[in-house]
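S.K.: Pasting a structure here, questions to come.
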Amino acid sequence: MALTEARSRLPERAVPTRFDATLFQFKVHLFRAHRFFGELGRRPAWLAKGEAAAFEMVVSEHRSALWSDPRPDERALQWGKVQNLRVAARLLDRTILPQGAVFSFWRQIGRAGATKGFVAGRMLQEGCLVPATGGGLCQLSNALYDAALTAGCEIVERHAHSRLVPGSRAAAGRDATVAWNYVDLRFAAPQMLMLRVELARDELVVRLLAPPHATGKVGKSSGDFLSQGSGDVVAPYASSCGTCDETNCFRHEGGSTTPVGRTAFLVDENWPEFRSYVASTRRNDDVLALPINGSRSPRYAWDTNGFARVMPAAFTALMRSVRLRFAKDAPARRAAELGGAEALARRLARTLTPDVTDVVVAQSLLPFPWPDGHLGGRRFSVLMTRMPMAEIEVRLNAAAMRHHERRSLADFRADPALIADERAALAAADAIVTPHAEIARLFGERAVQLDWVRPEANARTGAVVPRRIAFPGPTIARKGAYELREAARSLDLEVVLVGSELEGADFWSGVRTRRAGPANWLDGVTAVVQPALLEDAPRKLLEALASGVPVIATPACGLPPQM
C-alpha cells in the first residue's frame, strides 16, 4: 500500500494545544521521578566494553536504512537523527552482555544531552514528530529489540510506538520506543554476547556476537519493512511540522527553506596536487579544517578563501611538530607522526556538524575518525599520500625475509588495530584521490588520479659528467640504497647524495660519492636513479624531469610511465 493511500484511511487527529504540551511535560516529570525513585539501589548494572577479537560468531544482525524519510522538509532533522545515532553507536559499540545480565538502553547511553554531542533530531511526542535533542534514537532501539528477539534474548521491558514513523518496524510489531528515563528497552542475553553498533554510509547495522565456540540461534533481519509493503496500517502515521498540513497548531513553523548539505575538508600537509583538487571541488558553504592557518606555516599553506568556515587546530599541530622535532630515529619519528595525527584527527573531527554530508579526509588522519564513527552515514573521499599501511608492511616483511642484513626494513611496524582501521575505512571510501600512479592502480575505478605538479626547473651549471648519477635518498633500504650501491660498485658510477644517511657512516664504502645541496644537486648529473621499494612523494624526481634530466625509477615511486 502506498504511503499516501495509507494515510488517507487513518482517523483524524486532534490539533495539539499548548495546554496539551504542558500537561504532557508534567506527566513526563512524574514518570521520570517514579522510575528514578522506584529503582534506587536496584537499577540494572552498567555493562563494560571488551575486545571484539574474542567474539566472532554473528548470532543476530539487523540493518536499517539511515535515510528513511526522503522528504526535503525532513532533511535537517534526518541529519540530526543520524548524528545522534553516531554518538549513541560510540557509546554502545563493543558492550559485553554477560549471560543473564540485563541490558538497559538508558543505563548504557545515559541522558542524551548536548554535552555528549547529541543534537536536535526527530522525536515522537503526542502523535507528532517534533525536534528534540537526542531525537531519532528510536531507530537504534528498534534495531536492538529486533536483534535481541532474533538472538533469543529475554525481553524484560519494551514499549511499542503509538504511531508509524517512516522506515520503522512498528507495523510489524518489531519496534521499541524509548524516552529518558521512564520508557526503556531492556533484555537479558541467553549467553555471553557482544553488541556491535556501526553506521555504514546508508545503513545502521546492529549485531550480537558470541565467542567462536558458542552455540546459539543465528539470524538476520532487515529494517526495510515499509519499503517492502506493510499491508494494512494498524496505527496512525506520524507527521512533522515540515510535512503536516495543520497550520493552526501552535508548533507550526511556517514555510522554511530546504537545507543543503555541505562538504568538510579535513586536511593535513598541503601537496600542490591536493590544493588544486580542493579548489576545484569546494563550494562556498563548505568547511575547511586544517592543522594551522596557512599564513603561519608553509607546510599548511591552504587557500582558505571562499569557505564558509575555516577551523584550525593550531595547538594540536604545534605539539605534533614538537614531537617530530625531538624524534631521534626513524621508528621514533614514525611513532610521533602517528601520535600527532591521532590527536589532530580527533580535534578536526569536531568540525563535522550534522549538516556535513560529505567528507574529504587526509590519509594521515583517516584511521582515527573511522572507528569513532565520525564518517558513518557520510560519503567520503581520501587524499592518499602513501601506500596503505597493510600494503607497506607486506612489502617490508617480504623484503626483510629476503635481506636479513638490512635491519632498517624491520625498524617499525604499526599497531595491527590501526592497520585494520585504515583498511576498513579505505574499503568504505567512495573515492581515492592521489597523483601516485601505483596507489591509484590499487583502487581501480574508485581512484581519482591527479596529475603531478612539476616544480620549476633547476638552474644546472657545467657540462654533464659521464657516469655521474644522483640518488635523491635518503640512504635507507626501502628507498633502494642497497641496489643502487651494488650497481654503482659494479659500473664504477659516481653517486651524488642528496638525502640523509641512515644506514651507517660507511655505507657507501667502495663507491665514489659527493654530497650536494638543494641548489646544485643536478649539476653534471646524467640521470637520477631511485630503485625504491616505497616512495610517497617523488618531488626530487619531478624536479629532475622538469630540468630535463632522465629519471630511472621503480613503479613504487608513483610516476606514470610517460613521465
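The values are calculated or read from the model by the stated rules, or taken from the named source; none is laboratory data. Computed from a predicted model, the values in this text were never measured in an experiment. All Cβ positions, glycine included, derive from the backbone under ideal geometry; neighbour counts span all protein chains shown. All accessible areas refer to the heavy atoms of the entire protein, side chains included, with ligands and DNA or RNA removed. Shrake-Rupley method; radii C 1.70, N 1.55, O 1.52, S 1.80 Å.
S.K.: Considering only segment 375-408, how many residues are farther than 30 Å from Asp451 by Cα and either open to solvent by 50 Å² or more (accessible area, probe 1.4 Å) or not small (Gly, Ala, Ser) (or both)?
M.R.: Adding up the residues that qualify gives 8.
S.K.: Follow-up question, since we're still on this one. Within segment 105-119, does at least one residue satisfy the condition of being outside any helix (DSSP H, G or I), of a type outside the set (Lys, Arg) and more than 22 Å from Lys49 (Cβ to Cβ)?
M.R.: Yes, segment 105-119 contains a residue that is outside any helix (DSSP H, G or I), of a type outside the set (Lys, Arg) and more than 22 Å from Lys49 (Cβ to Cβ).
S.K.: On to the next question. Look through segment 120-167, keep the residues that are charged (D, E, K, R) and assigned to a strand (DSSP E or B), and return whichever of them is modelled with the lowest pLDDT.
M.R.: Only one residue fits best here, namely Arg122.
S.K.: Same structure again: For Ala343, are the conditions met, namely being of a type in the set (A, V, I, L, M, F, W, C) and within 28 Å of Cys557 (Cβ to Cβ)?
M.R.: No; evaluated as a whole, the condition is false for this residue.
S.K.: Hey, can you tell me all the residues within segment 119-152 that are small (Gly, Ala, Ser) and in contact (Cβ under 8 Å) with a residue 60 or more places away in the chain?
M.R.: Gly127, Ala143, Ala147, Ala148, Ala151, Gly152
S.K.: Please tell me if Thr513 is in a loop (DSSP other than H, G, I, E, B), among the polar types (S, T, N, Q), more than 23 Å from Leu396 (Cα to Cα) and out of contact with any Gly (no Cβ under 6 Å at 6 or more places or on another chain). Please lay out each step first, then the result.
M.R.: On the way: in a loop (DSSP other than H, G, I, E, B): no; among the polar types (S, T, N, Q): yes; more than 23 Å from Leu396 (Cα to Cα): yes; out of contact with any Gly (no Cβ under 6 Å at 6 or more places or on another chain): yes.
For Thr513, the condition - in a loop (DSSP other than H, G, I, E, B), among the polar types (S, T, N, Q), more than 23 Å from Leu396 (Cα to Cα) and out of contact with any Gly (no Cβ under 6 Å at 6 or more places or on another chain) - is not met.
S.K.: Looking at (1) at pLDDT 90 or above; (2) in a loop (DSSP other than H, G, I, E, B), find the lone condition where Ala470 falls short.
M.R.: (2)
S.K.: Suppose the filter is over 18 Å from Leu352 (Cβ atoms), open to solvent by 50 Å² or more (accessible area, probe 1.4 Å) and modelled with pLDDT of 65 or more; does Phe315 pass it?
M.R.: Spelling it out, Phe315 is indeed over 18 Å from Leu352 (Cβ atoms), open to solvent by 50 Å² or more (accessible area, probe 1.4 Å) and modelled with pLDDT of 65 or more.
S.K.: Condition first: assigned to a helix (DSSP H, G or I) and over 30 Å from Arg441 (Cβ atoms). Can you find one or more residues in segment 537-559 that meet it? Before you say what the answer is, go through the steps one by one.
M.R.: The first filter runs over segment 537-559 and keeps only residues assigned to a helix (DSSP H, G or I), leaving 539-546, 555-557.
With over 30 Å from Arg441 (Cβ atoms) added as a condition, the list becomes none.
Looking through segment 537-559, none of the residues is assigned to a helix (DSSP H, G or I) and over 30 Å from Arg441 (Cβ atoms).
S.K.: Then there is this: Leu97 fails exactly one of the following numbered conditions: (1) modelled with pLDDT of 90 or more; (2) open to solvent by 40 Å² or more (accessible area, probe 1.4 Å); (3) of a type in the set (A, V, I, L, M, F, W, C). What is the number of that condition?
M.R.: Of (1) modelled with pLDDT of 90 or more; (2) open to solvent by 40 Å² or more (accessible area, probe 1.4 Å); (3) of a type in the set (A, V, I, L, M, F, W, C), only one is false for Leu97: (2).
S.K.: Continuing with the same structure: When the residues of segment 439-496 are narrowed to those that are within 30 Å of Asn397 (Cα to Cα) and among the hydroxyl-bearing types (Ser, Thr, Tyr), which ends up nearest to the chain's Cα centre (by Cα)?
M.R.: Among residues in segment 439-496 that are within 30 Å of Asn397 (Cα to Cα) and among the hydroxyl-bearing types (Ser, Thr, Tyr), the one nearest to the chain's Cα centre (by Cα) is Thr475.
Listed here are the residues, each with its yes/no results for (1) surrounded by fewer than 21 Cβ atoms within 10 Å (Cβ to Cβ); (2) hydroxyl-bearing (Ser, Thr, Tyr); (3) closer than 20 Å to Gly373 by Cα.
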| residue | (1), (2), (3) |
| --- | --- |
| Gly113 | yes, no, yes |
| Ala120 | no, no, yes |
| Leu124 | no, no, no |
| Pro131 | yes, no, no |
| Ser141 | no, yes, yes |
| Leu144 | no, no, yes |
| Thr150 | yes, yes, no |
| Ile155 | yes, no, no |
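S.K.: Of the residues Ala170, Ala189, which is surrounded by 19 or more Cβ atoms within 10 Å (Cβ to Cβ) and at pLDDT below 90?
M.R.: Working: Ala189 fails: at pLDDT below 90.
Going through Ala170, Ala189 in turn, just one is surrounded by 19 or more Cβ atoms within 10 Å (Cβ to Cβ) and at pLDDT below 90: Ala170.
S.K.: Just to check your reading of the model, which residue among Leu541, Leu502, Leu497, Leu491 is aliphatic (A, V, I, L, M) and surrounded by fewer than 16 Cβ atoms within 10 Å (Cβ to Cβ)?
M.R.: The unique qualifying residue is Leu491.
S.K.: Additional query: Could you grab the pairs with beta carbons closer than 9 Å, sequence gap of 6+ or different chains, first residue in segment 34-46 and among the polar types (S, T, N, Q), second one not in a loop (DSSP other than H, G, I, E, B)?
M.R.: No pair meets every condition.
S.K.: Within segment 359-373, how many residues turn out to be under 16 Å from Asp430 (Cβ atoms) and open to solvent by less than 40 Å² (accessible area, probe 1.4 Å)?
M.R.: 7
S.K.: Give me the residue from segment 340-353 that is crowded, with 19+ Cβ neighbours inside 10 Å, of a type outside the set (Ser, Thr, Tyr) and in contact with a Lys or Arg (Cβ under 9 Å, 6 or more places away or on another chain) and, out of that set, modelled with the highest pLDDT.
M.R.: Leu352
S.K.: Within segment 281-301, track down each residue that is surrounded by 15 or more Cβ atoms within 10 Å (Cβ to Cβ) and within 22 Å of the chain's Cα centre (by Cα).
M.R.: Hits for segment 281-301 are Thr281, Arg282, Asp286, Val287, Leu288, Ala289, Leu290, Pro291, Ile292, Tyr300.
S.K.: Tell me, which residue of segment 1-23 that is touching a strand residue (DSSP E or B) at 6+ places or on another chain (Cβ under 7 Å) and not aliphatic (A, V, I, L, M) is modelled with the highest pLDDT?
M.R.: Result: Pro16.
S.K.: For segment 524-537, indicate whether the set of residues that are of a type in the set (Asp, Glu) and in contact with a Pro (Cβ under 6 Å, 6 or more places away or on another chain) is non-empty.
M.R.: Residues of segment 524-537 that are of a type in the set (Asp, Glu), as a first pass: 535-536.
With in contact with a Pro (Cβ under 6 Å, 6 or more places away or on another chain) added as a condition, the list becomes none.
No.
S.K.: Check Leu442 against each of (1) at pLDDT 95 or above; (2) within 30 Å of Trp370 (Cα to Cα); (3) surrounded by 20 or more Cβ atoms within 10 Å (Cβ to Cβ) and name the one condition it does not meet.
M.R.: (3)
S.K.: Could you grab me the full set of residues in segment 286-310 that are acidic (Asp, Glu) and either at pLDDT 90 or above or closer than 23 Å to Trp370 by Cβ (or both)? Lay out the reasoning, then the answer.
M.R.: The initial filter retains those residues of segment 286-310 that are acidic (Asp, Glu), namely 286, 303.
If the condition is that a residue be acidic (Asp, Glu) and either at pLDDT 90 or above or closer than 23 Å to Trp370 by Cβ (or both), then Asp286 is the only one that fits.
S.K.: Collect the residues in segment 47-65 that are more than 22 Å from Trp106 (Cβ to Cβ) and touching a residue at least 40 places away in the same chain (Cβ under 8 Å), keeping them in residue-number order.
M.R.: Scanning segment 47-65 gives Glu51, Ala52, Ala54, Phe55, Glu56, Met57, Val58, Val59, Glu61, Arg63, Ala65.
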